[in-house]
Amino acid sequence: MSKSLVGRPTDYTLKLAEEICDAIACDSKGLRRLCSEHPHWPNRSNIYKWMKKHPEFRDLYAQSKELQIESIIDDILEI
């Protein structure tokens, strides 16, 4: 009898990596909250593992965090 696996994905795909980074760039929420709001994403620790293993994801993630910071600064300046 085989067990069916239940839980978050752990396999890296460029499509999912881009989705994660796009969401980060457009939102002021942290990774913990975004992961909880997107159950089809891997958990935060797996995303960190992806950054170590996939240089293209690490670069994309860094760019998305820079954009997120810019967005947060814009929000602060509006206040």
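The values are calculated or read from the model by the stated rules, or taken from the named source; none is laboratory data. From a predicted model like this one, the values you see are computed outputs, not experimental measurements. Please note: Cβ atoms are built from the backbone with ideal geometry, for glycine as well, and neighbour counts cover all protein chains shown. Side chains included, ligands, DNA and RNA excluded: accessible areas come from the protein's heavy atoms. Shrake-Rupley method; radii C 1.70, N 1.55, O 1.52, S 1.80 Å.
Side notes on the structure shown:
- Meets criteria (open to solvent by 60 Å² or more (accessible area, probe 1.4 Å) and out of contact with any Lys or Arg (no Cβ under 7 Å at 6 or more places or on another chain)) for R44: no
- Of all residues in region 39-62, those that are more than 9 Å from I20 (Cβ to Cβ) and of a type outside the set (D, E) have Cβ atoms under 7 Å from Cβ atoms of residues that are part of a helix (DSSP H, G or I) and open to solvent by 80 Å² or more (accessible area, probe 1.4 Å), 6 or more apart or on another chain, in R44/R32; M51/R58.
- Taking the criterion of being outside any helix (DSSP H, G or I) and loosely packed, with under 13 Cβ neighbours inside 10 Å, the residues of region 13-37 that qualify are T13, C26, S28, G30.
- Subset of region 47-68 (residues that are open to solvent by 90 Å² or more (accessible area, probe 1.4 Å) and not charged (D, E, K, R)): Y48, Q63, L67
- Every residue from region 38-63 that is over 11 Å from the mean Cα position of the chain (by Cα) and assigned to a helix (DSSP H, G or I): K49, K52, K53, P55, E56, D59, Q63
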